[in-house]
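Let me begin by presenting the structure, written as structure tokens, before commenting on it.
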Amino acid sequence: MATAAAGDPPSYLLLQYTYVPDILEKRGPYREEHLQGAKTMADENKLVMAGALADPVDGAVFIFKNMSKEDVEEFVKQDPYVQHGLVPKYDIRPYMVVATSSIA
């Protein structure tokens, strides 16, 4: 896992999921494990925030802190939504923070 050296600003990666059109009908059996994966990352201070996009619910966004792209790829591979075909597409990109509050 990538970590920021003392005094270096943190680095962020944005993970964006694209959901299948009927995600709300299909996610039930996998939702608890999906949410637990995100909560575990947050508890380990690796995930700053995550959530679904609304109106319409067609994707989700995760913001990881001081993680390598490979680590985020591994998170994706372990996500039951991905494993069961509910996320046909995702993208991982560096996220350049220019302003933040105390929550990040």
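Checking the table LYS26/LYS69; LYS26/LYS77; LYS39/LYS69 against a 25 Å threshold on Cα-Cα, which pairs fail? Walk me through the intermediate numbers first.
Details: LYS26/LYS69 28 Å; LYS26/LYS77 19 Å; LYS39/LYS69 19 Å.
Violating the 25 Å Cα-Cα cut-off are LYS26/LYS69.
Pairs of alpha-carbon atoms within less than 8 angstrom and 6+ residues apart define the contacts here; what relative contact order does the chain have, in percent? Walk me through the numbers on the way to the answer.
On the way: 152 pairs, mean separation 45.8, N = 104.
Normalised by residue count, the contact order of the chain is 44 percent.
Please grab the % of Cα pairs in the chain that end up more than 25 Å from each other.
Values: 1066 of 5356 pairs.
Percentage above 25 Å: 20.
Once amide H atoms are built 1.01 Å from N in the peptide plane, which residues 5 or more positions from LEU47, or in another chain, come under 5 Å H to H?
So LEU47 has HN proximity to ALA42, LYS65.
Using the Cα centre as the reference, give the magnitude of the dipole from point charges on the C-beta atoms of region 49-104 (Lys, Arg: +1; Asp, Glu: -1; all else neutral), rounded to the nearest 20 debye. Can you show the working numbers first?
Working: 5 positive and 8 negative charges, 25 e Å.
That gives region 49-104 a dipole magnitude of about 120 debye.
Between ALA52 and GLU25, what length in nm is gained on full extension when 0.36 nm per residue of separation is reduced by their alpha carbon distance?
Details: separation 27, 0.36 × 27 = 9.72 nm, distance 1.47 nm.
Extending this stretch completely gives an extra 8.3 nm.
Calculate, in nm to one decimal, what HIS84 and GLU44 gain on full extension: separation in residues at 0.36 nm each, minus their alpha carbon distance.
11.9 nm
Residue-wise, which Karplus ³J(HN,Hα) couplings in Hz belong to region 88-100, taking 6.51 cos²θ - 1.76 cosθ + 1.60, θ = phi - 60°, and x for glycine or proline?
x, 8, 8, 9, 10, 9, x, 10, 8, 7, 10, 8, 8
Give, in nm to one decimal, the length gained when the segment between GLU32 and ASP91 is fully stretched (0.36 nm per residue of separation minus the Cα-Cα distance). Present the calculation step by step, with values, prior to reporting the outcome.
Working: separation 59, 0.36 × 59 = 21.24 nm, distance 2.27 nm.
That works out to 19.0 nm of additional length.
How much of the accessible area of the chain, in percent, comes from carbon and sulfur atoms when a 1.4 Å probe is used? Let's see the in-between values first.
Numbers: 3490 of 6740 Å².
Its accessible area is 52 percent carbon and sulfur atoms.
What ³J(HN,Hα) values, in whole Hz, does the Karplus curve 6.51 cos²θ - 1.76 cosθ + 1.60 give for region 27-43 when θ = phi - 60°, with x put for Gly and Pro?
6, x, x, 10, 5, 4, 5, 4, 5, 5, x, 5, 5, 4, 4, 5, 4
The values are calculated or read from the model by the stated rules, or taken from the named source; none is laboratory data. Here the structure is a predicted model, which means the values were calculated and not measured. With ideal geometry, Cβ positions are generated from the backbone for all residues, glycine too; neighbour counts draw on all protein chains shown. Just so you know, the surface numbers come from the protein's heavy atoms only, side chains and all, with ligands and any DNA or RNA stripped out. Shrake-Rupley method; radii C 1.70, N 1.55, O 1.52, S 1.80 Å.
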